[in-house]
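The values are calculated or read from the model by the stated rules, or taken from the named source; none is laboratory data. Everything numeric in this text was worked out from a predicted model, so none of it was measured. Positions of Cβ are generated from backbone atoms using ideal geometry, with glycine treated the same way; all protein chains shown enter the neighbour counts.
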Amino acid sequence: MNFTKLMGQVLVAICLGIFALSALAGNCDNPRYASKNPLECSDPPPDPPGQKKRLKVTVYYGDEVTASPAECETDENKNKCISTTFEVEGTVTCSSQVCDFSRTNEEGGLFLTPNKPLGIPPSQFNLLALTSIRGTDIVPAFCFDTQNVGQGESFEPENPPTDLDDYDDVGSTLEAINGFWLRSPVVSTADDEQKWWAHVWALSDDMNGVQRQYRFNFGGECTNPDGSRCPTLRDNNNSDPDFTGNFGYGFAGGVFGENTNQRGEGQTCRCTVSSKPGCPDHVNMGDGVPRPASWITIEDVISE
């Protein structure tokens, strides 16, 4: 009798175990299921593949007082601000909070307007000239083109300027832009705390003439004084696409140089949180000296 009762309890336990396993079979709480389904059970889940998009981008990069396109394009400000326009193909991916546009090298993203070096205003050169990395003072004239704007021609000045007032002309990177990323909040009526961010990549030299990849950081508020908002970068089921508009009243942040700090190599023209002083908030630009500013416009390019 006891044996029969024991066997009954064993059978009940087996049935309950099978039921429990079957209940967890499609549940990410089951470690075995989760290991076999990493895409479904990743935390957070990966972004969807994304939408292919072609954009016409204009980066207005200037002194603080010439951040808007209208001011940037006047003859009065031609030595304070420079605009760079290019068309780029990439992918838009969205979460519940932000949408990102990025040029996708791996998936065939390309720049449709080649040979466009990034224009750099004198305020950025002056800021770089006030920074140092590991005791090495930055000399922007060694790294970027300050004479032949937009020509992509490298040069080696015999007596590069080192004083703040010596950088009063716009310049450019030595090579064309080869990377672009843009992030915008998905809510078109963004409040004051929501911001846009952008990165632009281009090749230039370091202070030993070695080619480096530079990343220029931009950002700004999504609520502008003129009442405009950031484009959301979301197509809203193709009924109301929002890929055209302004990312205005922005600022230029750090300039990062990739593959840096190799022993015996020249320092890159960059200002980061590791630079001394940092860039740009920790640099004393002096009274009345403008800081780098930015304004980015995008336009949806419809493919035929």
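What the table shows:
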quantity	calculated
Single residue of the range 61-78 satisfying the filter (touching a residue at least 12 places away in the same chain (Cβ under 8 Å) and of a type in the set (S, T, N, Q)) that is surrounded by the most Cβ atoms within 10 Å (Cβ to Cβ)	Thr66
Subset of the range 81-100 (residues that are in contact with a Gly (Cβ under 9 Å, 6 or more places away or on another chain) and either among the small types (Gly, Ala, Ser) or farther than 16 Å from Gly250 by Cβ (or both))	Ser83, Val88, Glu89, Gly90, Thr91, Val92, Thr93, Cys94, Asp100
Among residues of the range 248-261, those that are at pLDDT 85 or above and charged (D, E, K, R), counted	0
When residues of the range 190-247 are limited to those that are modelled with pLDDT of 75 or more, among the charged types (D, E, K, R) and within 21 Å of Ser83 (Cβ to Cβ), the one nearest to the chain's Cα centre (by Cα)	Arg215
